[in-house]
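The values are calculated or read from the model by the stated rules, or taken from the named source; none is laboratory data. Owing to the predicted nature of the structure, the values given are computational and were not obtained by experimental measurement. Heads up, the Cβs are rebuilt from the backbone with ideal geometry, glycines too, and the neighbour counts pull from every protein chain shown. Keep in mind that these areas ignore ligands, DNA and RNA; they rest on the heavy atoms of the full protein, side chains included. Shrake-Rupley method; radii C 1.70, N 1.55, O 1.52, S 1.80 Å.
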Amino acid sequence: YGSYNEIKHIQIADALEAMTGMPTAQTALKDIDEDQIWSDMLDYDKKNYIVCAGNSLGAEDERNNRIFSVVRLYDTDNFRIIKLRDHFGDFKWNGDFAIGSSLWTKELREEVGHYDGESGCFFMTITEFVKHFEYLTVCFYHENWVRTTEEVVTSYKSAAFFEILV
């Protein structure tokens with residue numbers, strides 16, 4: 001893409017794949033059950049995959065294509081809470097579990113390690129997450145994976161066949 005600055009003009013899945021060399025997947029959340037999304041996200045969290053949430057899939061205007069990193073998931077006694085990070089630091093969450101929310105108890109703050117004023121981070125329930133985000137992007141990053149590509153040029157009307165041994 002020429003520079004890191006240029007990746008702001010492409011989808012986050014493409015940017016993550018270009019930067020890590022690992023495969024990515026993007027899933028629209030609108031038709032998936034909330035419990036299934038939570039289960040999938042727990043699995044991604046356990047495997048330390050890079051996970052992002054976003055709005056306006058395919059938006060041309062980058063201001064409408066905001067991406068938030070999923071930092072951590074917390075399955076508490078009463079709530080399924082997601083910690084997210086806004087990398088620009090200018091987003092202010094005003095829903096459940098916003099700064100100053102009455103839902104924050106001393107015990108819950110300690111359980112999730114929350115303190116007011118953490119730069120760019122905010123918390124929301126899985127219900128709010130599904131309501132406010134259009135898609136989830138996962139980069140299946142593994143420390144010990146190696147990915148390689150091979151360019152093949154064939155002549156017109158010819159076929160190339162490959163056998164891959166792993």
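Scan the stretch 17-39 for residues that are surrounded by fewer than 16 Cβ atoms within 10 Å (Cβ to Cβ), in a helix (DSSP H, G or I) and out of contact with any Ser or Thr (no Cβ under 8 Å at 6 or more places or on another chain) and report the count. Within the stretch 17-39, residues that are surrounded by fewer than 16 Cβ atoms within 10 Å (Cβ to Cβ), in a helix (DSSP H, G or I) and out of contact with any Ser or Thr (no Cβ under 8 Å at 6 or more places or on another chain) number 5. Please give the number of the condition Arg80 fails out of (1) at pLDDT 80 or above; (2) farther than 28 Å from Gly113 by Cα; (3) surrounded by 12 or more Cβ atoms within 10 Å (Cβ to Cβ); (4) not small (Gly, Ala, Ser). Failed condition: (2).
Suppose we filter the stretch 132-166 for residues that are without any contact (Cβ under 8 Å) to a residue 12 or more places away in the chain and not polar (S, T, N, Q); how many remain?
So the first thing to find is which residues in the stretch 132-166 are without any contact (Cβ under 8 Å) to a residue 12 or more places away in the chain, and the list is 143-144, 146, 148-166.
Those left that are additionally not polar (S, T, N, Q): 143, 146, 150-153, 156-157, 159-166.
Within the stretch 132-166, residues that are without any contact (Cβ under 8 Å) to a residue 12 or more places away in the chain and not polar (S, T, N, Q) number 16.
Show the residue pairs that are 6+ apart or on different chains and have beta-carbon atoms under 8 Å apart, the first residue being within the stretch 89-107 and free of Cβ contacts under 8 Å to residues at least 24 places away in the same chain, the second being open to solvent by 70 Å² or more (accessible area, probe 1.4 Å). Final answer for the pair search is Ile99/Asp116; Gly100/Asp116.
When Glu111, Glu134 are screened for being open to solvent by 30 Å² or more (accessible area, probe 1.4 Å), modelled with pLDDT of 80 or more and within 21 Å of the chain's Cα centre (by Cα), only Glu134 passes. Cβ-Cβ contacts under 9 Å between residues 6 or more apart (or on different chains), taken from a first residue in the stretch 45-68 that is modelled with pLDDT under 80 to a second residue that is in a helix (DSSP H, G or I) and of a type in the set (Lys, Arg), are listed as Glu62/Lys8; Asn65/Lys8.
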